[in-house]
1. If you roll a 1.4 Å probe over the chain with all protein chains in place, what percent of the accessible area is carbon or sulfur?
2. Round to a whole angstrom and tell me the spacing of the C-alpha centers of the stretch 44-63 and the stretch 192-225.
3. Tell me the angle of helix 180-196 to the major Cα principal axis of the chain, expressed in degrees between 0 and 90 and rounded to the nearest ten.
4. Report, in degrees rounded to the nearest 10, the 0 to 90 angle that the Cα long axis of helix 100-120 makes with the longest principal axis of the chain.
5. Run down the aspartates and glutamates and flag those whose C-alpha is under 15 Å from the C-alpha of Lys89, throwing out any fewer than 8 positions away in its chain.
6. In the set (1) 1.15; (2) 0.94; (3) 1.02, which value of Rg/Rh (Cα atoms, Kirkwood Rh) was calculated from the structure you see?
7. Can you give me the angle between helix 146-162 and the longest principal axis of the chain, using Cα atoms only, in degrees from 0 to 90, rounded to the nearest 10?
8. For the full complex of protein chains and a 1.4 angstrom probe, list Asp202, Asp17, Asp109, Asp99 by accessible area with the highest value first.
Amino acid sequence: RRGGRSVTTYYKVLNEDGSCFHGGEGVWPLPTEDGPGEWVEVEGDLIACRNGLHGCRPKDLFEWFGPSIFVMEYEGEVVVAGDKVVGRKARLVKRTAWDESTARLFAADCAERALEGERNAGREPDPRSWEAVRVARAFARGRASDGDQAAARAAAWDAAQATAWAAAWAAARDAVQVAAWAAAHAAAHAAARAAAASAAEDAAWAAERGWQLRRLNEYLTGERA
């Protein structure tokens, strides 16, 4: 909170060099050890996906994961447009701790949570799914080879097919995808679907998303690695 007002944290998903990842043109001025990057500004009406500087709220990130995530600051008007926001003037404040390693670790956490939910419901997950999560974490920390990852992915794929594509099994498969950011996106959604497979679907989905947001924040801030 700032001056009694609630302050929203915004994020920008880009390539590591500041170039656009989810569409758009140009390269954003990157923050340095001395402070934020330079301000970027556009003219004209703010129209989502057409004109403006696009960013994400924390809850929007699940739809926009990518290689690098920066904390973003707006000055002036900010318009909410579904799963994104758009403003006229903005800058990158700092780079988060999100990278190949933390993205895959987050995916593994989501997958493990989905598998634990299945176990608590009396449906014991296929051992290949647990192994996929273990390999995903090992790979993220440089303790598994490309071959280990490929083998785990194939085994988890077979396990998911053998159980009619159950969401939890699919989450384990997704955790060892080739692209870490894609693994994070897929596993988070699969875990939310697994949690929502209950009588209180909306509440379960919201509770799982709440847990994911807290865990994601730990990876973004570097509190967890």
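1. Working: 5400 of 11360 Å².
C and S atoms contribute 48 percent here.
2. 23 Å
3. For helix 180-196, the angle is close to 70 degrees.
4. Computed tilt is about 50 degrees.
5. Glu38, Glu41, Glu43, Asp45, Glu73, Glu75, Glu77
6. Given (1) 1.15; (2) 0.94; (3) 1.02, the structure-derived one carries the label (3).
7. The angle comes out near 70 degrees.
8. Asp202, Asp17, Asp99, Asp109
The values are calculated or read from the model by the stated rules, or taken from the named source; none is laboratory data. Quick caveat: nothing in here was measured; it's all calculated off a predicted structure. Virtual Cβ from ideal backbone geometry, glycine too; neighbours counted across all protein chains shown. Heavy atoms of the whole protein, side chains included, go into the accessibility calculation; ligands, DNA and RNA do not. Shrake-Rupley method; radii C 1.70, N 1.55, O 1.52, S 1.80 Å.
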